[in-house]
Amino acid sequence: MRGYVLTAIASAFIGGIAVSEAFSYFPFLTTGLLYGLLLIQPSWRTFTVGAISFFIYQVVTSPSPIGLTHHLNRPVHLTAYVERFPTHGPNRVVFHMRAHSIVEGEGSRPVSGSFRLTVYEPDAPWHYGDLLSMKVTLRSPRQFENPGNFLFANYRERQGHTVTASLSRSHNIKKLGEERNPILPAISNWRDEIRQRIIVSMDKNAPSTALLMAMVIGETDFLDESVRERFSASGITHILSISGSHLALVAFLTFECVRQLLLRLPMGWLLRGSLFKTASQWAAVVAAIPVTFYTLLAGAQTATLRSLIMILTYLFSIWIGRNTQVKVSLALAALLIVSMNPRAVFDLSFQFSFLSVLFIVLTIEQWKRLQATPVTDLPDQTTRPVASLKRFFGAMLLATLGAGIATAPLSLYYFHQFSWVGFLANMVMVPLASWVLIPFGLLCAVFSPLTATGFPLAPYHERMWAFYDQMADTFAKWPGADLHFASPSLFMILTFYGVVCFLLYKQVSWRCWLATITVFLLVFLGGGSLRIPPDTLRVTFIDVGQGDATLVEFPDGKTLLVDGGSGSYLNAGKMAIAPYLWQRRIRTLDYVVVSHPQQDHMGGMPYLLTHFEVGRLFTNGVARSRRFYRDFQEAMQQTGQSEEIVHAQTPSFMADRCRIAFLNPRVGVATYGVSAKDTDNFNDDSVVLHMVCQNGGTVFSLLLTGDIGTAAERELIERNPGQLRSTLLKVPHHGSRHSSSDHFLREVSPQIAVILVGHRNPYHHPHPDTLHRYRARSIQVFRTDRDGAVIVRVRPDGTTITPYHQTIPKKISWDQPVARQEWENWKRGFNALIHG
């Protein structure tokens, strides 16, 4: 009964936080639902707990009058503490800072809030607890704002991190002091020493080195994109961050070793100790020490600390003799975490970890109940070895099944991914890492200070982790390993978890339970892959930051993609375009055009070429010696794709009811090659595409212009007199000052213009003079840096434009009319349903 009460309280506390978040967007709707809940007379205890958490979350998320958000987008002189262990990468260090004060003249005033500081030096010399003085410009974190994209900035805001800053050099930072806690800074220094030893002893660019640092000391920034891709496709990406499975390993090994040693003590000693506690209870106390130490050595990241709380809670339940009630321990751990940080409810690591553990427990309990097998705390000593192995592998299979069932809907919802290979890969890769590689790495890390230089047994680590990486690559190459689908709705996700938990509570048959889960997965996967072509022409200008990407969907189901955004640190092909295509259930790109070989147009294409079926690929034929161009060529070779070089005399072709013509570049551009013209001045050689569509009794036309400037605009007008008139114009060169001339705008005469541009980009695009020229002609202008993705739907009765920002509900501002704001949020939600 007590266990039920604690579980109900934890559920009510989390539910109150979720309701409080909904209240921030739909206060009248939420109030009505709460009133309805009161009418059905819920338990006063759970309702009170929910109400308390509701108000706590409102207080915690209220803007602070001295918060950092009041100092955005201007240089400030800050003092701040390093509040977490720094994370290192090949060419940068990331510090999580807690603001202390703002320096103004000779004085200072207090300021509150946390921010993420990136210093682009590989060995910035500061550690946990240091008080630093710096001059920085604070920014809001940016995100790609398209349907289907993971909204990183919104996610960080729910975590309480609304500000970022960066410095190219560390000389702008001065150390003023440090906190007095001597233990954590010492561990931070020791962790940094281990990292340096690994880098000195092994090839720092090898995947094996990155894997060793990620899984032993929690330094994940050395993992390159190829390693992350392999582990993601294999369904084992969770292994790359130190979390519950890693800490559980340390706790279990320590617990079993200590317990076995205690059981082998002389009988008199054992009996005296048992007067107070059993061997298992003493072992639980000892196991808490190394697991806590490993958490600190691994950087004490947020997800790791939450896993530590879960494990310490369970060890405490063993100490007090209540370890058979695992669900109660889980509820207590969840209650502790959300009490200390209510925002944790919306953290991915919290959701994945707790759902995984809960479903593992429920799955094993359901199996044992149906098999009439009693749940025992200790293994049967008379069981034969073969039976023990069967029990072990059976438990592994059930744990993998339970965790897979728990996380599959979340993976689909957040990342569009479903990895069937993960069920098999986890059976092999998790035990191998947990029982061999990580213990070996931890032992060497602990004893590394005893060696003169380097990391102990470094060659063996290189071979073992290289083999582990190769195994992940093998699983990733299985047919259909990396499948992506449209995200299911939040309502479907909540329904799934509610139905599964209800069936487990009712103790239905195993077959009924599995059948229900199978039906849900078929709905998720089938609904996420079945594509119904749009009933009208649809053009989407995708937000890729400072770059270009335009998707055209024809009524017959065919697609045209022009440009692929940047392929730099934030790969737009992977993080912006691909999720949008998956959300639109697009697996084949019938026509792909790369306007010209520059990073912000071609950089994201390699990912798209290797993850989608591509029909025809058009380029202007100009070659480059840059890395992004080599990646593009390698992707074409890997997929067997060939490029068709186009120019102003290339014949036009039909796609559905649209005629597509190439108006630029002029003939002979491709002959420049690498040696003759390997500069950044490729803009006027951009492919210009003109599409004219019969739309019922009217004509719709679209002009996509790449990065052409005024010289190319003049040539276009000369070669196509009177033929450039278009309904919709993609503004040339992101709205540069040296494009969109008056003559060009007069010839095109667009009704709508869209500027694909990055927020606060270093080129200051779009230029005010350019914007003035569009306003002077009363042309309706949209910008991806302000509007997010711009979706244009062409119907016989007219054209509708929906900026993505008009589909995202906004938090209520209490100093404005509340009813009007909630009504606007309802309209945004409706737009998301129609245009998402």
| query | Sorted by mean Cβ packing within 10 Å, highest first, what order do the peptides 705-715, 621-631, 408-418 take? | reply | 705-715, 408-418, 621-631
| Dividing the Cα radius of gyration by the Kirkwood radius, what Rg/Rh value follows for the stretch 1-85? | 1.17
| said: Give the aspartates and glutamates reachable from LYS558 as a straight Cα distance under 17 Å; neighbours fewer than 8 places away on the same chain don't count. | reply: ASP535, ASP590, GLU613, ASP656
| Whole-number Å³ per residue for the convex hull built on Cα positions in the stretch 120-268 | 220 Å³
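Roll a 1.4 angstrom probe over the protein heavy atoms and tell me the percent of accessible area of the chain that is carbon or sulfur.
Heavy-atom surface of the chain belonging to carbon and sulfur, 1.4 Å probe: 61 percent.
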| message | Given an 8 Å cut-off on Cα distances and at least 6 residues of separation, report the relative contact order of the stretch 70-118 as a percent. | response | 33 percent
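Per residue, how big is the convex hull around the C-alpha atoms of the stretch 530-575? Give it to me in cubic angstrom, could you? Before the final figure, lay out each step's value.
Numbers: hull volume 3.4 nm³, N = 46.
Each residue corresponds to 74 Å³ of Cα convex hull volume.
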| query | Which of the helices in the chain meet the span-like rule: DSSP H, Cα axial reach of 15 Å or more, Kyte-Doolittle mean at least 0.5? | reply | 2-23, 27-39, 44-60, 244-263, 279-297, 302-319, 326-340, 348-370, 385-415, 421-432, 490-506, 510-529
| request: Could you pull out every one of the lysines with an alpha carbon less than 27 Å from that of LYS135, ignoring same-chain neighbours closer than 8 positions? | output: LYS174, LYS175
| So what's the projected area for the stretch 786-836, the Cα convex hull averaged over all directions, in nm²? | 4.2 nm²
| request: Please sort by residue number the GluC sites (Glu not before Pro) in the stretch 75-161 whose DSSP state is loop and whose Cβ has at most 12 other Cβ atoms within 10 Å. | output: GLU106
| remark: Counting every C-alpha pair in the stretch 686-836, the percent lying more than 21 Å apart is 52 percent
| field | Packing-based ranking, highest mean first, of 8-18, 816-826 given that Cβ atoms within 10 Å are counted | value | 8-18, 816-826
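Restricting everything to alpha-carbon atoms, can you work out Rg to Rh for the stretch 734-775 with a Kirkwood hydrodynamic radius?
Rounded to two decimals, Rg/Rh equals 0.97.
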| message | Straight-line reach from LYS477: which aspartates and glutamates fall under 13 Å, measuring Cα to Cα and dropping same-chain residues less than 8 apart? | response | GLU229, ASP469
| query | Given only helices, namely DSSP H runs of n ≥ 4 each adding -39500 (n - 2.57), what is the per-residue ellipticity at 222 nm of the chain, to the nearest 500 deg cm²/dmol? | reply | -15000 deg cm²/dmol
| Given Cα pairs under 8 Å that are at least 6 residues apart, what percent is the relative contact order of the chain? | 9 percent
| message | Using the basic label-point model (7 angstrom from Cα toward the beta carbon), what is the THR137 to THR451 distance in nanometres? | response | 4.5 nm
| request: Using the 4.7 Å Cβ rule, please list in number order the cysteines from the chain without any candidate partner. | output: CYS257, CYS444, CYS501, CYS512
| the stretch 277-347: relative contact order in percent, alpha carbon pairs under 8 Å with at least 6 residues between | 32 percent
| remark: Here, trypsin sites (Lys or Arg not before Pro) of the stretch 498-544 satisfying both criteria (DSSP loop; at most 16 other Cβ within 10 Å) are ARG531
| query | Roughly how compact is the stretch 33-133, stated as its Cα Rg over 2.2 N^0.38 Å to two decimals? | reply | 1.62
| message | If you count only protein heavy atoms with a 1.4 Å probe, what accessible area per residue comes out for the chain, rounded to a whole Å²? | response | 46 Å²
| said: Test of understanding: express the Cα radius of gyration of the chain as a ratio to 2.2 N^0.38 Å, with N the residue count. | reply: 1.04
| query | With charges set only on the Cβ (+1 for Lys and Arg, -1 for Asp and Glu), what does the dipole of the chain come to about its Cα centre, in debye to the nearest 20? | reply | 1840 debye
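The values are calculated or read from the model by the stated rules, or taken from the named source; none is laboratory data. Just so it is clear, the structure is predicted and the values come from calculations on it, not from any experiment. Here the Cβ is made from the backbone with ideal geometry for all residues, glycine too, and neighbour counts use every protein chain on show. What goes into the accessible areas is simple: the full protein's heavy atoms, side chains included, and nothing from ligands, DNA or RNA. Shrake-Rupley method; radii C 1.70, N 1.55, O 1.52, S 1.80 Å.
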